[in-house]
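Student: The structure that follows is given in the form of structure tokens.
The values are calculated or read from the model by the stated rules, or taken from the named source; none is laboratory data. It should be emphasised that the depicted structure is a prediction, and the values quoted were computed from it without experimental measurement. Note that we place each Cβ from the backbone using ideal geometry, even for glycine, and neighbour counts take in every protein chain shown.
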Amino acid sequence: MTYSLASDPLVLAGKSFRSRLLVGTGKYETFPLMKEALERSGAEIVTVAVRRVNLDRSTESLLDYIDTSRFTLLPNTAGCYTADEAVRAACLGREAGLSEWVKLEVIGNEKTLFPDTEALLAATRTLVKDGFVVLPYTNDDPVMARKLEDAGAAAVMPLGAPIGSGMGIQNPANIRIILESVSVPVIVDAGVGTASDAAIAMELGCDAVLMNTGIAGAGDAVAMAEAMKLAVQAGRMAYKAGRIPKRLYASASSPLQGISR
Amino acid sequence: MTLAINGETRTIPAAGNIRELLGVLGIGESRVAVELNGKIIRRAEWEQMRLSDMDRVEIVQFVGGG
């Protein structure tokens, strides 16, 4: 039977989602622009950060622009450099959002924003024990991906390239090995710069893609949001359809017989 | 009373508990989390939790992020 996207939901921790694109809510010039981009992306899961309330001016609230009946909020632990900080941020996010889901980040280096995977693993263990659904942002290391799965992570989220770099999938071979190494969903998180990057991630067999800067930083964020939606869909369908093998020489598409001379 | 709120020392009209404090500060109650002296206080306990001078209070909310 012909494959259809409609009968192929993304299942994360027992919950089904139609969209395989997860998007961030940071770096938009305005909230109305973000709102439109979120809608056009078709995403159902959006990441948010947890920060101190500004006491001195009543700034507009992000959540005035996110319809939480349509979007699932996924609080992150961005900016945390130790397991303890990340666990605390996750607990604050749970309290504010009344949900157990967390995008777990423990950063190991300011310039690359690469994860500190040792601390990430420790924080994953702690949070899983506390009942969290943990989605860890990790590097493209298949061994660590497996350890995170064993620790109870609900998915693994390897980076394609550094956060915000737009460099695309730098190590497709490792992403493929990760896909073979774990049975939880694999979500490429970070590094996607344009639609083809998202399509490549999906063609490799990834279950979903998470991005923020690739959309928010585009010249026309709303158009890029839709481009990413289409790329993720196209990549998923191509993966399921089964691509032709690559070959060095040509194979004619038109009959070789009956050519009128 | 004087409290350390989000890292700043502030003198504010007396607030008996966390719910009153949010009211005094003009902060809506939905989708915020509150920590008192390093411990997260669940919403259901906001009214029971008494505040004293020099308590450390953290009030956080969601902002845009990736």
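Student: Going through A:ARG40, A:ARG20 one at a time, which residue ends up being buried (at least 16 other Cβ atoms within 10 Å of the Cβ) and either within 14 Å of another protein chain (Cβ to nearest Cβ) or more than 15 Å from the chain's Cα centre (by Cα) (or both)? Explain how you work it out, then say what you get.
Tutor: Numbers: A:ARG20 fails: either within 14 Å of another protein chain (Cβ to nearest Cβ) or more than 15 Å from the chain's Cα centre (by Cα) (or both).
From the options A:ARG40, A:ARG20, the qualifying one is A:ARG40.
Student: So, in segment A:170-204, of the ones that are among the hydrophobic types (A, V, I, L, M, F, W, C) and assigned to a strand (DSSP E or B), which residue ends up nearest to A:ARG146 (Cα to Cα)?
Tutor: A:VAL186
Student: Mind checking which pairs have a first residue in segment A:59-86 that is without any contact (Cβ under 8 Å) to a residue 12 or more places away in the chain and a second that is assigned to a loop (DSSP other than H, G, I, E, B), Cβ under 6 Å, 6 or more apart or different chains?
Tutor: A:LEU63/B:ARG31
Student: Looking only at segment B:41-57, which residues are acidic (Asp, Glu) and either in a helix (DSSP H, G or I) or more than 19 Å from B:GLY7 (Cα to Cα) (or both)?
Tutor: B:GLU45, B:GLU47
Student: For segment B:6-33, give me each residue that is buried (at least 18 other Cβ atoms within 10 Å of the Cβ) and more than 8 Å from every other protein chain (Cβ to nearest Cβ).
Tutor: B:ALA15, B:ILE18, B:LEU21, B:LEU22 - these are the residues of segment B:6-33 that are buried (at least 18 other Cβ atoms within 10 Å of the Cβ) and more than 8 Å from every other protein chain (Cβ to nearest Cβ).
Student: Is it the case that some residue within segment A:103-116 is among the hydrophobic types (A, V, I, L, M, F, W, C) and farther than 26 Å from A:GLY191 by Cα?
Tutor: So far as segment A:103-116 goes, no, none of its residues is among the hydrophobic types (A, V, I, L, M, F, W, C) and farther than 26 Å from A:GLY191 by Cα.
Student: Ok, one more. Is it the case, given these coordinates, that A:ALA153 is more than 23 Å from A:THR194 (Cβ to Cβ) and part of a loop (DSSP other than H, G, I, E, B)? Step through it out loud before you land on a result.
Tutor: On the way: more than 23 Å from A:THR194 (Cβ to Cβ): yes; part of a loop (DSSP other than H, G, I, E, B): yes.
Against the criterion (more than 23 Å from A:THR194 (Cβ to Cβ) and part of a loop (DSSP other than H, G, I, E, B)), A:ALA153 qualifies.
Student: All but one of (1) under 30 Å from B:THR9 (Cβ atoms); (2) crowded, with 20+ Cβ neighbours inside 10 Å hold for A:SER61; state the number of the condition that does not hold.
Tutor: It fails just one condition, (2).
Student: Ok, one more. Taking segment A:149-191, which residues are buried (at least 22 other Cβ atoms within 10 Å of the Cβ) and charged (D, E, K, R)?
Tutor: A:ASP189
Student: Which of the residues spanning segment B:50-66 are surrounded by 14 or more Cβ atoms within 10 Å (Cβ to Cβ) and over 10 Å from the mean Cα position of the chain (by Cα)?
Tutor: B:GLN61, B:PHE62, B:VAL63, B:GLY64, B:GLY65, B:GLY66
Student: Pairs needed: first member in segment A:205-227, under 19 Å from A:LEU74 (Cα atoms); second member anywhere, of a type in the set (Gly, Ala, Ser) and in a strand (DSSP E or B); C-beta distance under 9 Å; at least 6 residues apart or different chains.
Tutor: Cβ pairs passing all conditions: A:LEU210/A:GLY24; A:MET211/A:GLY24; A:ASN212/A:GLY24; A:ASN212/B:GLY64; A:THR213/A:GLY24; A:ILE215/A:GLY24; A:ALA216/A:GLY24; A:ALA216/B:GLY64.
Student: If we scan segment A:187-210, do we find a residue that is closer than 25 Å to A:THR112 by Cα and polar (S, T, N, Q)?
Tutor: yes
Student: If you don't mind, there's one more thing I want to ask. Being over 17 Å from B:THR11 (Cα atoms) and either in contact with an Asp or Glu (Cβ under 6 Å, 6 or more places away or on another chain) or in contact (Cβ under 8 Å) with a residue 40 or more places away in the chain (or both) is the filter here, so list the residues in segment B:41-59 that pass it.
Tutor: Answer for segment B:41-59, where residues must be over 17 Å from B:THR11 (Cα atoms) and either in contact with an Asp or Glu (Cβ under 6 Å, 6 or more places away or on another chain) or in contact (Cβ under 8 Å) with a residue 40 or more places away in the chain (or both): there is none.
Student: Name the residue, out of A:ALA13, A:ALA78, that is at pLDDT 95 or above and away from every other protein chain (no Cβ under 11 Å). Let's see the steps before the verdict.
Tutor: On the way: A:ALA78 fails: away from every other protein chain (no Cβ under 11 Å).
Going through A:ALA13, A:ALA78 in turn, the sole match is A:ALA13.
Student: Please go through segment B:31-40 and give me each residue that is free of Cβ contacts under 8 Å to residues at least 24 places away in the same chain and either touching a helix residue (DSSP H, G or I) at 6+ places or on another chain (Cβ under 6 Å) or part of a helix (DSSP H, G or I) (or both), ordered by number.
Tutor: B:ILE40
Student: Additional query: Exactly one of these conditions fails for A:ILE187: (1) in contact with a Gly (Cβ under 6 Å, 6 or more places away or on another chain); (2) within 14 Å of chain B (Cβ to nearest Cβ); (3) of a type in the set (Val, Ile, Thr). Give me its number.
Tutor: (1) is the only condition that A:ILE187 fails.
Student: If you don't mind, another one. Hey, among the residues in segment A:90-99 that are facing chain B (nearest Cβ under 8 Å) and farther than 12 Å from A:ASP130 by Cα, which one's surrounded by the fewest Cβ atoms within 10 Å (Cβ to Cβ)?
Tutor: A:GLU95
Student: Among A:VAL102, A:VAL87, which is the only one that is buried (at least 19 other Cβ atoms within 10 Å of the Cβ), farther than 30 Å from A:GLU39 by Cα and within 14 Å of chain B (Cβ to nearest Cβ)?
Tutor: So the residue among A:VAL102, A:VAL87 that is buried (at least 19 other Cβ atoms within 10 Å of the Cβ), farther than 30 Å from A:GLU39 by Cα and within 14 Å of chain B (Cβ to nearest Cβ) is A:VAL87.
Student: Now for a separate question. From A:GLU44, A:GLU105, A:GLU36, which residue is within 30 Å of A:ALA227 (Cβ to Cβ), at pLDDT 95 or above and touching a Cys at 6+ places or on another chain (Cβ under 7 Å)?
Tutor: A:GLU105
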